[in-house]
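Written out below as structure tokens is the structure these notes cover.
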Amino acid sequence: MKHLRHLKHTFAFLFILCLISTSAHSENARELSAEKILEQVDTIYSTIKSYQDWGVVETDNKKVIFYTLFVNPDRFLFKWGPAQNQKKEEIDFSDYAVIWSNSDGVYTKSTYDKAGSEIEIEKSLGTAVSKATGSSLMAAYIVGSLLMDEPDGWLVGNPNQPVIIGNEEIRGHNCYHIKDVNPRTGTEYHLWIDVQSYLVHKVTTNWPDMEFETNFCEIAINQEIDLAQFDFYRGK
């Protein structure tokens, strides 16, 4: 009988612990607003040592693939070009358009290494990113906004009235789905943010006559990146 009473007390104790844990989890979930989630995203992206990705942007009739390297605070490389449903290992990024910045300045090239494509020296990274927004189907704008608040930091740094739509799985990642409106343009956008890492795995931007869907297929942070990759052109 004593053993039975002991088991009953043990089960009761575990049941109470479970209730307390569930209550605390529910309370934390209620406290995690869309604004706080975006604050976490902003903190992660502004403090990472390095960042790498590749991804795809799609509209109704166009598809662009992109590739990013970034070392905090000012080494930035962004390549983009037309996608033809290639596997990553089949992509020749050497023929793609490119933005890069190093200790000497910021540069762009319409094709990376083909003859006849001139290197342009840009006034700022924001200027370079803005120029690439159209041809990259907004990918340059989205990546620049996440990593450096360039050109205007609207994506997570300056939320307007964000709301949590729910949770969805994106390529195996449990993500918060958040909707907001760009305060500068009035454009609606949606973010899918990893609930554990706070990395952004998907963004959709809704213009009046077109939707851009940006998917970050692979992301790696805080890995060693050879700075020589940013030295395509040394300013004199």
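So for the stretch 63-73 (the condition being of a type outside the set (A, V, I, L, M), out of contact with any helix residue (DSSP H, G or I) (no Cβ under 7 Å at 6 or more places or on another chain) and not in a loop (DSSP other than H, G, I, E, B)), does at least one residue qualify?
Taking the stretch 63-73 and keeping what is of a type outside the set (A, V, I, L, M), we get 63, 66-68, 70, 72-73.
From what is left, the residues that are out of contact with any helix residue (DSSP H, G or I) (no Cβ under 7 Å at 6 or more places or on another chain) are 63, 72-73.
After this cut, where a residue has to be not in a loop (DSSP other than H, G, I, E, B) as well, the list is 63.
Yes.
Condition first: surrounded by fewer than 14 Cβ atoms within 10 Å (Cβ to Cβ) and either in contact with a Ser or Thr (Cβ under 7 Å, 6 or more places away or on another chain) or part of a strand (DSSP E or B) (or both). Now tell me which residues in the stretch 186-210 satisfy that.
Trp207, Met210
Restricting to the stretch 183-200, give me the number of residues that are modelled with pLDDT of 95 or more and among the small types (Gly, Ala, Ser).
Selection size over the stretch 183-200: 1.
Could you give me the residue pairs with C-beta distances under 9 Å whose first residue belongs to the stretch 32-44 and is buried (at least 19 other Cβ atoms within 10 Å of the Cβ), whose second residue is in a helix (DSSP H, G or I) wherever it lies, and which are 6+ apart or on separate chains?
Filtered contacts from the stretch 32-44: Val41/Leu146; Asp42/Leu146.
Take the residues in the stretch 211-236 that are free of Cβ contacts under 8 Å to residues at least 12 places away in the same chain and in a loop (DSSP other than H, G, I, E, B); name whichever of them is farthest from Glu39 (Cα to Cα).
Residues of the stretch 211-236 that are free of Cβ contacts under 8 Å to residues at least 12 places away in the same chain, as a first pass: 226, 228, 236.
From what is left, the residues that are in a loop (DSSP other than H, G, I, E, B) are 226, 236.
Details: Asp226: 30, Lys236: 40 Å.
Result: Lys236.
Being at pLDDT below 95 and over 17 Å from Thr205 (Cβ atoms) is the filter here, so list the residues in the stretch 49-71 that pass it.
Passing the criteria: Trp54, Ile65, Tyr67.
Output the residue which, of all residues in the stretch 98-137 that are modelled with pLDDT under 90 and aliphatic (A, V, I, L, M), is nearest to the chain's Cα centre (by Cα).
Ile119
Taking the criterion of being at pLDDT 90 or above, aromatic (Phe, Trp, Tyr), touching a helix residue (DSSP H, G or I) at 6+ places or on another chain (Cβ under 7 Å) and not in a loop (DSSP other than H, G, I, E, B), would at least one residue in the stretch 172-179 satisfy it?
So in the stretch 172-179, the residues at pLDDT 90 or above come out as 172-179.
Add one more test, that the residue is aromatic (Phe, Trp, Tyr), and what stays is 176.
The next check asks that each one be touching a helix residue (DSSP H, G or I) at 6+ places or on another chain (Cβ under 7 Å); those that pass are 176.
With not in a loop (DSSP other than H, G, I, E, B) added as a condition, the list becomes 176.
Yes; the residues of the stretch 172-179 include at least one that is at pLDDT 90 or above, aromatic (Phe, Trp, Tyr), touching a helix residue (DSSP H, G or I) at 6+ places or on another chain (Cβ under 7 Å) and not in a loop (DSSP other than H, G, I, E, B).
I need the full set of residues from the stretch 59-82 which are of a type outside the set (Lys, Arg), over 18 Å from Asp92 (Cβ atoms) and surrounded by fewer than 17 Cβ atoms within 10 Å (Cβ to Cβ), in order please.
Taking the stretch 59-82 first, the residues of a type outside the set (Lys, Arg) are 59-61, 64-74, 76-78, 80-82.
Those still in the list that are over 18 Å from Asp92 (Cβ atoms) too: 59-61, 70-74, 76.
Passing the criteria: Thr59, Asp60, Asn61, Asn72, Pro73, Asp74.
The values are calculated or read from the model by the stated rules, or taken from the named source; none is laboratory data. Just so we're clear, the structure is a prediction, and the values are computed from it rather than from any experiment. Cβ sites come from the backbone with ideal geometry, for glycine too, and all protein chains shown count toward neighbours.
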